[in-house]
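Chemist: Following this message is one structure expressed as structure tokens.
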Number of protein chains: 4
Amino acid sequence: MNLDLREYSVRTDLAVESKAIAEAEHGGPVPGLHEDIDELDGIKVTRLDVQDEAASQKIGRVKGHYITFEVPGLRSQDTELQEKVSSVFAKEFSGFMKKLGIQSNAKVLIVGLGNWNVTPDSLGPLVVENVMVTRHFFELTPDQVSPGYRDVSAIAPGVLGLTGIESSDVVQGIVDRTKPDLIIAIDALASRSLERVNTTIQVADIGIHPGSGIGNKRRGLTKEILGVPCIAIGVPTVCYASTIVNNVFDMMTAHFNDESGGDQAQSKQIMGLLTDLNEGERLGLVKEVLEPLGHDLIVTPKEIDEFIEDIANIIATGLNRALHEAVDRDNVAAYTH
Amino acid sequence: MNLDLREYSVRTDLAVESKAIAEAEHGGPVPGLHEDIDELDGIKVTRLDVQDEAASQKIGRVKGHYITFEVPGLRSQDTELQEKVSSVFAKEFSGFMKKLGIQSNAKVLIVGLGNWNVTPDSLGPLVVENVMVTRHFFELTPDQVSPGYRDVSAIAPGVLGLTGIESSDVVQGIVDRTKPDLIIAIDALASRSLERVNTTIQVADIGIHPGSGIGNKRRGLTKEILGVPCIAIGVPTVCYASTIVNNVFDMMTAHFNDESGGDQAQSKQIMGLLTDLNEGERLGLVKEVLEPLGHDLIVTPKEIDEFIEDIANIIATGLNRALHEAVDRDNVAAYTH
Amino acid sequence: MNLDLREYSVRTDLAVESKAIAEAEHGGPVPGLHEDIDELDGIKVTRLDVQDEAASQKIGRVKGHYITFEVPGLRSQDTELQEKVSSVFAKEFSGFMKKLGIQSNAKVLIVGLGNWNVTPDSLGPLVVENVMVTRHFFELTPDQVSPGYRDVSAIAPGVLGLTGIESSDVVQGIVDRTKPDLIIAIDALASRSLERVNTTIQVADIGIHPGSGIGNKRRGLTKEILGVPCIAIGVPTVCYASTIVNNVFDMMTAHFNDESGGDQAQSKQIMGLLTDLNEGERLGLVKEVLEPLGHDLIVTPKEIDEFIEDIANIIATGLNRALHEAVDRDNVAAYTH
Amino acid sequence: MNLDLREYSVRTDLAVESKAIAEAEHGGPVPGLHEDIDELDGIKVTRLDVQDEAASQKIGRVKGHYITFEVPGLRSQDTELQEKVSSVFAKEFSGFMKKLGIQSNAKVLIVGLGNWNVTPDSLGPLVVENVMVTRHFFELTPDQVSPGYRDVSAIAPGVLGLTGIESSDVVQGIVDRTKPDLIIAIDALASRSLERVNTTIQVADIGIHPGSGIGNKRRGLTKEILGVPCIAIGVPTVCYASTIVNNVFDMMTAHFNDESGGDQAQSKQIMGLLTDLNEGERLGLVKEVLEPLGHDLIVTPKEIDEFIEDIANIIATGLNRALHEAVDRDNVAAYTH
């Protein structure tokens, strides 16, 4: 019998997931990756550097610096925790910009990618709505701008289905006209594990790459393309249906293994040959099956609106703190709406 | 080995799906169901009467009259088709009201259930935004209302997480104060098959029952509760993740059966014991596996915003035509926004 | 010549303005009014008690307790000031509830009056979106609610033109079903002076009276009607066009008086007989002139969206602090979105 | 006495108003203006050509072609009339494009100027939401586009206060990247007369000029700037407060003239020297008086949300008909949401 499966790569936008997959497949640490983990008060901060091309290829992520904030408690809508995450985010983001050599007076364009009409894809536009925008003061009345503020503009370029224009074209057009020194692009991502949905924030200096995020980007937002460095901020707000089906297979296998006391034969009897296929093959199988339905299906919790608002607020508040020295870094939630 | 599966009932809000499941399980037509099908121009209209308690129990749906509009072409955003569906809907709905003995001057309260912040759950509120509301004219200047209009009010009561109040309590309070003769409640539903998502409209004289729709209703909107007849209009806009996993199992089994030329032994080798479980058992297994993730997960196409708007527009336009004789039934799209 | 002017009363929803008008007309303090003013850090708090019927009639406001927060700096979008106002508001509001004998476990229904589609009328719905709602936890899992939280529900009942139903009917229906102990109603108001627009918050224990606010309320929300005490929170977000025309007359007269060095004759020559008319007469004249345009015209600054969001945020944050003891009263801005 | 008034020009964005003012001032027809009026079924269509520089200077409008649709009945929310206006608009717009030499396959970028958060300024963004966007189909699958459709993209660039970027910069950036052949820019305008608010649509081939519309544009969208012809579509949705005050003076003077049977002396006694000032002087006086309030005040009817939605729908439907031959020109309202 010939299953003739194409090996699909597992769909994730998170570097920490890519690393875990690579380590599982290669049976140990991947050379060329440097990781540094802090954990405090329920907030796990992982700084992951993909240092060379070899490492990049092994984990399937672009060379660069990644910071991941994992906060399982974000699901419980604990506002004190949200405030803490925003504060930690601001501090890390501030340090990240310094490490990248971004000057304290560098002009920043914040780009909120995604579709404001689809709740799990509205993260970027929501952040844009809530960041402090100052560029027009610098342009019109530069001598009246208080010290400690930076030149910040912000735009939500919409999605192809709404505008007929690639968001990358809108952004590049604006970059050409307004000449920012740094772009910060916020996007909703897909994650491999449901536990990470709405509980994880990833910051990376690699920009936005084609095919990443929920929307079907066909061109990216990178330094190579735009001529300006681009920091990407992403939050997984969905899984793909194919991923979740695949996850269920894994969990079922584990379940049967447990029940059968590790009796692989019995477990195999239940799950059949499927247990012999590797993850990529099974994913291909699932996709083949789902394909006739004709649409890329997304999976979200029903309460997605509350999570999205909370995380957009955390990121907007964190950015306001990190970008403007004058913003009181201990209490700036009031700066966002 | 003891799988100890609870038999979950398959989750669908559509009577036509319940009937198909019941017929598959019972191996033939179910007595006490009367069905009448029209199909024209890509619009399939099924009028299904659940005539007695026995039939009701067999298909797991409340006794009553159901009309289902199935229009696969709605996915292709063909505006002429949309106009046609709205026109067919208006005609059927008008006849449905007559059949139920609703007077042409009966006062109507339209209730848009669901959460306006979550795209696939926003159908009801969107319809409410687009129907013609006239009650205030009847109350304030009754002698100035042109003939051919009916007394119509409309409300979107919100969801428990936003208001802290059951939508049924909000509606009942309003019914007590405004004394309508008929309630029309619009709600987003879950379907068993992805093909029906955003392509199907169900009308039924059974009201809204606890647990139906996307939101977690714990009280219903029925004649028994409200003292007023309630027609429910529903559109499946999501599947549950558990349903979709289950679907994939079915499709895989079919796939392997095809590939193995119907060689059940080989197919069974691949799918293992799972092929021996019935649908309910497998669904229980899947739910058990997904449960730790802690949230009821919904599955939608990414383009959900466009579908929802189109169908809300069809229903609002159809209702405007059906409820007000003065509304030109050949061209009223302009009446909605 | 017979001008035959009806004497229109000057349109204001603010007690402090009514008091000033009455004192100007009666040439001195009005007996039965008790006033107490605090001013700190640019926030002026006026506690005004209308103690008896005589005073009530003289100033044309219902007997009761009024607190007014006047903060001219709110126009400059100073976020630190906003935070301070929210904190002062919370403290005053908390004291106000105690003074009225509201128990610390009294169940509260927050009502956001107004039209969410018209920016200056959207204050109430915006506050409702941002307050913490807890009633469903008390109803569903009362033993799991942490101490320090109160039972709060919230609704934006819409306006007559959108629903066909008086907002007072929607609210009364909900009150009948959910039995709150206190109603807090938020509404956008009209002020007599443009300086007060978007810089003033009024709290009063008198409920909402017919004709107050921007919308055309024909029934009120008062203890007499609802059987439950109702605290009204109002912010003037517009002036009426008639008021502004009238203001311009006043300012012109003052302007000419200044220019002519107080030479009343010259000034009178310029402004004509208009200077002899009293304010009510002139207002009637202006209204007569505007009436053919057929609509009640409102006047707002163009940047109304930013002001409304800021003040809605201040009130929502203040209410969250005042209503829930567990909410950190020093830093709760993060609780709102 | 020295009033020292600056002569403010009367603020209107409508060519028909400019012409009327110029004719009143110059006492008769202005040479170089060609006007052509059709009136049918309550829709008055005025085609006004400003043919040379002399005429342009006299009426204070750029040389070019203007079409004005005046429909007083639009205030009564008559949906049949709306449908008729949309149809007339489509036909005129189609002819206008031909007259300008725009090819039937010319690529069009629709630009919705204004602030979506301020109801009377949200016209442009609302139209953009409702037009058919097809450019992505032409880019991605050009051979699958049905005949009769045109390449159309659409964007709402936001306003300076939201993005920190001039909308003209956003548009120019997009024009540079996507190379449209024609720009259609929709903007909310200010009118001199309240009667024209929300009842008038102006189409002109002159683009958008600095200072026009509600927002404070400091750069325009014209062929000179963008290198692409730009048709402007405008609807007056507000008056400025200064204009309305001035109008009231005029109406009062007329009122007193009537009452005094044309006895100028008596009338003058009432209105004082103000009747001697010309309109520009009085406007300056009013502005001087209002200035301390510090904001540009706008005046709108309270029901602005309904008017804006109706007119946005008319324009979007009209554009869909005019731009795409395949769109059924007799019934396309369903194409808009």
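Chemist: D:A312 fails exactly one of the following numbered conditions: (1) at pLDDT 95 or above; (2) more than 13 Å from chain C (Cβ to nearest Cβ). What is the number of that condition?
Modeler: With respect to (1) at pLDDT 95 or above; (2) more than 13 Å from chain C (Cβ to nearest Cβ), D:A312 is out only on (2).
Chemist: If you check C:T12, C:T46, which single one turns out to be closer than 30 Å to C:S87 by Cα and at pLDDT below 90?
Modeler: Working: C:T46 fails: at pLDDT below 90.
It is C:T12.
This table checks each residue for (1) assigned by TED's automatic domain parsing to the domain that holds B:A312; (2) in a strand (DSSP E or B); (3) within 30 Å of D:V327 (Cβ to Cβ).
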{"site": "B:G28", "(1), (2), (3)": "yes, no, no"}
{"site": "B:H34", "(1), (2), (3)": "yes, yes, no"}
{"site": "B:E39", "(1), (2), (3)": "yes, yes, yes"}
{"site": "B:R47", "(1), (2), (3)": "yes, yes, no"}
{"site": "B:S56", "(1), (2), (3)": "yes, no, no"}
{"site": "B:R61", "(1), (2), (3)": "yes, no, no"}
{"site": "B:L74", "(1), (2), (3)": "yes, no, yes"}
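Chemist: Next question. Name the residue that is farthest from the other protein chains (Cβ to nearest Cβ), counting only residues in segment D:97-155 that are small (G, A, S) and more than 27 Å from C:S122 (Cα to Cα).
Modeler: D:G101
Chemist: Do any residues in segment C:31-50 that are basic (K, R) have Cβ atoms under 7 Å from those of residues that are crowded, with 19+ Cβ neighbours inside 10 Å and part of a strand (DSSP E or B), where the two are at least six apart or on different chains, and which pairs are they?
Modeler: C:K44/C:E70; C:R47/C:I67
Chemist: Ok, one more. Just wondering, is there one or more residues in segment A:182-195 that are more than 7 Å from every other protein chain (Cβ to nearest Cβ), open to solvent by 30 Å² or more (accessible area, probe 1.4 Å) and either β-branched (V, I, T) or more than 30 Å from B:F307 (Cα to Cα) (or both)?
Modeler: no
Chemist: Just give me the residues in segment A:223-241 being β-branched (V, I, T), modelled with pLDDT under 95 and open to solvent by less than 10 Å² (accessible area, probe 1.4 Å), in sequence order.
Modeler: Narrowing segment A:223-241 to residues β-branched (V, I, T): A:225, A:228, A:231, A:233, A:235, A:237-238.
Then keep just the ones that are modelled with pLDDT under 95; that gives A:225, A:237-238.
Within segment A:223-241, A:T237, A:V238 qualify.
Chemist: Please find, within segment D:74-86, the residue that is surrounded by the fewest Cβ atoms within 10 Å (Cβ to Cβ) out of those that are in contact with a strand residue (DSSP E or B) (Cβ under 9 Å, 6 or more places away or on another chain) and touching a residue at least 60 places away in the same chain (Cβ under 8 Å).
Modeler: Step one: list which residues in segment D:74-86 are in contact with a strand residue (DSSP E or B) (Cβ under 9 Å, 6 or more places away or on another chain), which gives D:74-75, D:81, D:84-85.
Still in the list and also touching a residue at least 60 places away in the same chain (Cβ under 8 Å): D:74-75, D:85.
Values: D:L74: 23, D:R75: 18, D:V85: 26.
Within segment D:74-86, the match that is surrounded by the fewest Cβ atoms within 10 Å (Cβ to Cβ) is D:R75.
Chemist: Something else now. Among (1) among the β-branched types (V, I, T); (2) crowded, with 24+ Cβ neighbours inside 10 Å; (3) more than 7 Å from every other protein chain (Cβ to nearest Cβ), which single condition is D:I165 missing?
Modeler: Result: D:I165 passes all but (3).
Chemist: Suppose the filter is open to solvent by 10 Å² or more (accessible area, probe 1.4 Å) and closer than 19 Å to B:E309 by Cβ; does B:Q57 pass it?
Modeler: Working: open to solvent by 10 Å² or more (accessible area, probe 1.4 Å): yes; closer than 19 Å to B:E309 by Cβ: no.
Considered against the rule, which asks whether it is open to solvent by 10 Å² or more (accessible area, probe 1.4 Å) and closer than 19 Å to B:E309 by Cβ, B:Q57 comes out as no.
Chemist: For segment C:123-155, which residues satisfy the criterion of being open to solvent by less than 10 Å² (accessible area, probe 1.4 Å) and among the small types (G, A, S)?
Modeler: C:G124, C:S153, C:A154
Chemist: Let me ask another. Going by what's in this entry, would D:L160 be described as touching a Ser or Thr at 6+ places or on another chain (Cβ under 9 Å) and open to solvent by 20 Å² or more (accessible area, probe 1.4 Å)? Quick ask: steps written out before the conclusion?
Modeler: Numbers: touching a Ser or Thr at 6+ places or on another chain (Cβ under 9 Å): yes; open to solvent by 20 Å² or more (accessible area, probe 1.4 Å): yes.
Considered against the rule, which asks whether it is touching a Ser or Thr at 6+ places or on another chain (Cβ under 9 Å) and open to solvent by 20 Å² or more (accessible area, probe 1.4 Å), D:L160 comes out as yes.
Chemist: With the requirement that a residue be farther than 20 Å from D:D250 by Cα, more than 7 Å from chain D (Cβ to nearest Cβ) and at pLDDT below 85, what does segment C:268-309 give you?
Modeler: C:N278, C:G280
Chemist: Out of (1) in contact with a Leu (Cβ under 7 Å, 6 or more places away or on another chain); (2) open to solvent by 40 Å² or more (accessible area, probe 1.4 Å); (3) of a type outside the set (K, R); (4) within 19 Å of D:D121 (Cβ to Cβ), what's the single condition that is false for D:H209?
Modeler: All conditions are met except number (1).
Chemist: Shifting gears a bit: If C:F249 meets every condition in (1) modelled with pLDDT of 80 or more; (2) buried (at least 21 other Cβ atoms within 10 Å of the Cβ); (3) more than 20 Å from C:R61 (Cα to Cα) apart from one, which number is that one?
Modeler: The one condition C:F249 does not meet is (1).
The values are calculated or read from the model by the stated rules, or taken from the named source; none is laboratory data. This one's a predicted model, so the numbers in the text were calculated from it and none came from an experiment. Cβ sites come from the backbone with ideal geometry, for glycine too, and all protein chains shown count toward neighbours. Quick note on the areas: whole protein, heavy atoms, side chains included, nothing else; ligands and nucleic acids left out. Shrake-Rupley method; radii C 1.70, N 1.55, O 1.52, S 1.80 Å.
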